[in-house]
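Single-structure report; data block below.
The values are calculated or read from the model by the stated rules, or taken from the named source; none is laboratory data. Nothing here was measured: the structure is a model prediction, and the numbers come from that model. As a convention, Cβ positions derive from the backbone with ideal geometry for all residues, glycine included, and neighbour counts pool all protein chains shown. Remember, those area values only see protein heavy atoms, side chains included, never the ligands or the DNA or RNA. Shrake-Rupley method; radii C 1.70, N 1.55, O 1.52, S 1.80 Å.
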Amino acid sequence: MNLAGLIFRPLYWSAGKVFSIWARPAIQPEAPGELVTDAGAAVCYVLETGGLADVLALEKACATHGLPSPTESFEFCGVRESNRFVVMRRLTGFWNRHPSATSSQRLKRLIEGADNCEQELLLIPVAIYWGRSPDKERSFFKILFSENWDVIGRTRKFLVTLLHGRDTLLRFSDVLPIRSICTGDIESSVAVRKVSRILRVHFRHRRTATVGPDLSHRRTLVKQVLRAPSVRRIINAEAGDDIRKQELARRKAEKYALEIAADISYPTIRVLVRVLRWLWNRIYDGVELNHMDRLHQVAEDKEVIYVPCHRSHIDYLLLGYVTYVSGLHLPHVAAGINLNMPIVGGILRRGGAFFLRRSFKGNRLYAAVFDAYIHEVLVKGHSMEYFIEGGRSRTGRLLTPKGGMLVMTVNSYVKNPQRPIVFVPVYFGYEKLIEGNAFISELAGAEKQKESIGGLIRSIKSLRDHFGKVYVNIAEPIELAPMLDRMHPTWRKHESDNGDRPPWLAEVVDELGAEIMQGINSAAAVTPISLLAYVLLATPKQTIGLGELRRQLELSLKVLRRFRYSELVTMPESSADEIIEHGEQLEVISRSTHPMGEVIHMTQQNAVLMTYFRNNILHLLAVPASVACCFIQGREIEHAELQRLIRLIYPFMKKELCMKWEFDDIDDVTSEAIKALIELQLLTCATDKKTLVRPPAGSEKAFQLLMLGQSMVPMLQRFYLVIAILIRNGSGVLSRQRLETMCQQSAERLSMIYGLHSPDFFNKSLFHDFIRTLEKLDVLRKNSDNLIEFDDDLTNIGVDARLVLGEEIRHSILSLTITEK
C-alpha cells in the first residue's frame, strides 16, 4: 500500500464510523443484490456527483446487502481499477466547486477495454438524495440545505449531510450491461458518448421522479394564475371597462387563488412522515404496497396523476406517505374545502393539499381561477392526486366518476402537451374504517356530519382501536396521449382563441373515467375481513358452523384463483383458520361453543358494517356467483341458457360494480366461470354435454353453490323490484324521480320485513343507475310529458327474474307494489 493509502484508509474508516452513527439512508429496492444476476460479471457503480458522503452512503448500503464494496479494487479485462465506482459529474476546485469539463476517465477506460473482451461489465446507477426537498423560490433555508438540482460545494454538502442524514434516499437502478451497447462495429468513442448520454438521461429522469420540479413560491404561483388569459377574460367580462370593478374582481380572483393553492413545506412533510409512521403502527398492522414497480417505471419520464378510490379521510394522507417513502416526489392533493379547518387546513396545505369547493356552479370567476391553477401545476411538471368519485363511498362500491378534475386535466394537456401524462389508478383496501359508524347512519337517512375541530378531537378516541392492515395496490397506468390518438386523432390541431374546450372533450372524459374505475377494481385487494363478510352475509342470520365457514372460505379462495379477475388482484396467503382468528382479533366475528361444534356469528351492528367490505370484492366473484344464483330455483340449465341469463343482467352488473369486460365478451367470460365451477365440482355436465347440473340437494357441494350465489341475490331483488313497480303502474304513468322514490321506499320496507342487514340495499343511487341503464338499452323511454314508457321487453325481463328469485321474496315484492299503488 502506498503512502496515500496509508493515510487515506484510517481517515476513511473513521469517517465511515461517524457516518454510520448519524446517517441512515433508506435503500431502494429492498433487495438490490438481486439486480446482479451474472456472477462472473464485473460490477461498477455509477454516481451522479460523488463526494465522500455519497461514497460512504453507498459503502454502507453495499455492506448491508452483500454487494461488492465501491472502494475495493477490481479487475476487468486484464486491467485493475483502484475502486468500483464512476462519477458522472465529478466536481473540481477547492473553494469554487464546479463540474469538470471532461467525462469520467474510468468510464472511458472501462468501455474501451470492453471492446475486445469477453467479460461482461455491469454498470449500476446509484442515485443518492439528501433531504429530497426541491428548491423553493425565496426560501433561503431550502436553497442552502436541501437536495435540489444545483451543484453544491464541500461546506454545503457537509451541512446537508448533517441536517438530512436520516432523511436520505439511496436508490439502485437496473444494471446497464456494457456488452449490449458495445456490439457490432460501433467505435469505442461512440460507445463512450452513448453510455454517458444514457446515464445522464437516466439520472435526470430519476431526479425528476424523486425530487420533483422546482417549487414555485405560493405567491408567485398565484400571480401566474391571475395573469392567465382565461382569468383575465372573466374579469373583463364581469367588470367591463370600469377600472374600480376590474380591481375588485382581480382581488376576488386573488382571494380564490389563495384559498385554493397548496403551500408545500418540506420541514412540515418530514414531521408529518414521522407522525404518520407512528399512526400507521399505532392503529394498523402495517401498510402493504403492491405493484409499486409499475409506478417507478412511469414516474421517471411522465407526469403522474394519481386517481385512487375514495374510502376514508385517511386516503388523503396515505397515498402521499406511500409515494414519499417509496422515493417519489410528493403529489399535489385535491381536498374538499370542508377540510380547510383551522390548524388542520394549514397542515394539509403545507403537506401538498389544494382545496376546492364542492360546486363551481354560478361562479365563473372561481371556475376560471381553479382551472388556471390546475394548468399551472401541470405545466410545471408536478404530480397530482384527486378522487374522481367526488366523495367517499358509503357502500364499499365505487361511485360513478365525476368529470370535473378530469376535464381540467385533459384540457390542460391538450393546450400544452409537453410532458406525457399518465393516470395511475390506485386501490385502497381497509379492514376497518374509522368512519364506519358514520357511514351506516348516513345510509340509514341521517344527515352527513360536517367536518369540525370538535369532530376531529372526538375521532382521536379511535386511536385506541385496532384497524387491521391497509392495502395499497397500484393498477395498470393509463397514458392519455394514446387514448386521445385513438378517440380523436386530430386532437393536436385543436386551437381556441377564446379558451373554449374541444367539443369532443366530454366523450374522452367519460371513457377515461370508466377506464380508471375499471382499473381500480382490477387491482382489488382481497382481505381476510372482506372474505369473512362475503361468506357470513350469505347466511340468513350471519351465523354459520365453524366447519362450514372454514370450507366456504377455502372454496371462495379457490374460485378467486381459478376464475382470476385480474393478475393485479392480491389475495391473502392465510389459511381459513388464520382468517377466522384474524376476524376475532378485530372483533368482527365471535364464536360460541356447542356440543355439535362451534358456531361463528356476527352482531347485527357488525353485519351492517361488513356489507361495506363485502362490496369491495363483489365484482371479483360476480360472474361465477351469478351462474350459481341461477341454480337456486332449478337443478338443470343448459349452457346456452346460462349465457343468455348472464348476458341479460350483465349491463346492470357492469354499471353497478364497474366491471371490466365488454358486453361482446361476456359469453366467453361466463363459460370460463362455468369451467371453474365444474373443476371445483360445484356443477357437472349432463350426458348431452349441453346441460349443467347442480349437486344433489342436501349435499355439501349444493350448500356451497347456494352460498356462493347468495351474494348476487340482493342485486337481482332490486332489479325485480324496479320492474315490478313499473309493470304494476303501467307505461307512461311514472316519472323517473317518482319511480326512484317508490323503489327506495319499497326496498327499505322489504329490508325491515326480511331483516336484510344492508342499508345499501335501498340506496337510491343504485336504483338511479339501474333505471339509467334500462334507458340506455332502450328498454325504457321518456314521452313528451317526461314520463317513463316501456313495452313487452320489460315484462320478459321480469319473467326471467323468476328463475333465480324465490317465490316468497317475489310475492313480497309484488305485495309491496300493490301497497305503493
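Residue-level check: of (1) touching a Gly at 6+ places or on another chain (Cβ under 7 Å); (2) assigned to a helix (DSSP H, G or I); (3) open to solvent by 20 Å² or more (accessible area, probe 1.4 Å), residue 269 misses just (3).
What are the residues in the range 529-586 that are of a type in the set (Asp, Glu), open to solvent by 60 Å² or more (accessible area, probe 1.4 Å) and part of a helix (DSSP H, G or I), if any?
Result: 548, 554, 577, 578, 581.
Among the listed residues 257, 261, 253, 249, which satisfies the condition of being touching a residue at least 12 places away in the same chain (Cβ under 8 Å), in contact with a strand residue (DSSP E or B) (Cβ under 9 Å, 6 or more places away or on another chain), surrounded by 16 or more Cβ atoms within 10 Å (Cβ to Cβ) and within 22 Å of residue 360 (Cα to Cα)? Being touching a residue at least 12 places away in the same chain (Cβ under 8 Å), in contact with a strand residue (DSSP E or B) (Cβ under 9 Å, 6 or more places away or on another chain), surrounded by 16 or more Cβ atoms within 10 Å (Cβ to Cβ) and within 22 Å of residue 360 (Cα to Cα) holds for just one of 257, 261, 253, 249, which is 261. One residue alone among 294, 277, 350 is open to solvent by 10 Å² or more (accessible area, probe 1.4 Å) and under 22 Å from residue 568 (Cα atoms), and that residue is 294. Note on the range 219-246: among residues that are of a type in the set (Val, Ile, Thr) and closer than 14 Å to residue 498 by Cβ, the one that is least open to solvent (accessible area, probe 1.4 Å) is 231. Checking the structure you have, find out if any residue of the range 575-582 is in contact with a helix residue (DSSP H, G or I) (Cβ under 9 Å, 6 or more places away or on another chain) and small (Gly, Ala, Ser). The answer is yes; a qualifying residue exists.
So which residues in the range 391-409 are assigned to a loop (DSSP other than H, G, I, E, B) and farther than 25 Å from residue 527 by Cα?
Initially, the range 391-409 is screened for residues assigned to a loop (DSSP other than H, G, I, E, B), giving 391-403.
Listed by number, the residues that qualify are 402, 403.
Pairs meeting the criteria (first residue in the range 594-622 and in contact (Cβ under 8 Å) with a residue 12 or more places away in the chain and within 30 Å of residue 562 (Cα to Cα), second residue part of a helix (DSSP H, G or I) and among the polar types (S, T, N, Q), beta carbons under 7 Å, at least 6 apart or on different chains) are 613/530; 614/530; 616/530; 617/530; 619/521. Looking across the range 342-359 at every residue that is at pLDDT 85 or above and outside any helix (DSSP H, G or I), the one that is farthest from residue 405 (Cα to Cα) is identified as 351.
When the range 695-740 is limited to residues that are in a helix (DSSP H, G or I), over 20 Å from residue 537 (Cβ atoms) and without any contact (Cβ under 8 Å) to a residue 12 or more places away in the chain, the one that is nearest to the chain's Cα centre (by Cα) turns out to be 737. Scanning the range 593-646 for residues that are in a strand (DSSP E or B) and open to solvent by 10 Å² or more (accessible area, probe 1.4 Å) gives 599, 601, 636, 637, 638.
The single condition among (1) open to solvent by less than 20 Å² (accessible area, probe 1.4 Å); (2) touching a Phe, Trp or Tyr at 6+ places or on another chain (Cβ under 9 Å); (3) among the hydrophobic types (A, V, I, L, M, F, W, C) that residue 355 does not satisfy is (2). Within the range 377-399, the residues that satisfy the criterion of being at pLDDT 90 or above and open to solvent by 10 Å² or more (accessible area, probe 1.4 Å) are 387, 397, 398, 399.
From the list 316, 306, the lone residue that is outside any loop (DSSP other than H, G, I, E, B), under 14 Å from the mean Cα position of the chain (by Cα), modelled with pLDDT under 85 and under 30 Å from residue 222 (Cα atoms) is 316.
The condition (being open to solvent by 50 Å² or more (accessible area, probe 1.4 Å), among the aromatic types (Phe, Trp, Tyr) and within 31 Å of the chain's Cα centre (by Cα)) is satisfied by just one residue among 663, 652: 663. Applying the criterion of being touching a residue at least 12 places away in the same chain (Cβ under 8 Å) and small (Gly, Ala, Ser) to the residues of the range 468-501, the residue that is surrounded by the most Cβ atoms within 10 Å (Cβ to Cβ) is 475. Return yes or no: is residue 328 of a type in the set (A, V, I, L, M, F, W, C) and open to solvent by less than 20 Å² (accessible area, probe 1.4 Å)? When the stated conditions are applied, residue 328 passes them. Condition check for residue 506 on (1) touching a Gly at 6+ places or on another chain (Cβ under 8 Å); (2) without any contact (Cβ under 8 Å) to a residue 40 or more places away in the chain: one failure, at (2).
Has the range 720-743 got any residue that is at pLDDT below 90 and over 22 Å from residue 790 (Cα atoms)? No, the range 720-743 contains no residue that is at pLDDT below 90 and over 22 Å from residue 790 (Cα atoms).
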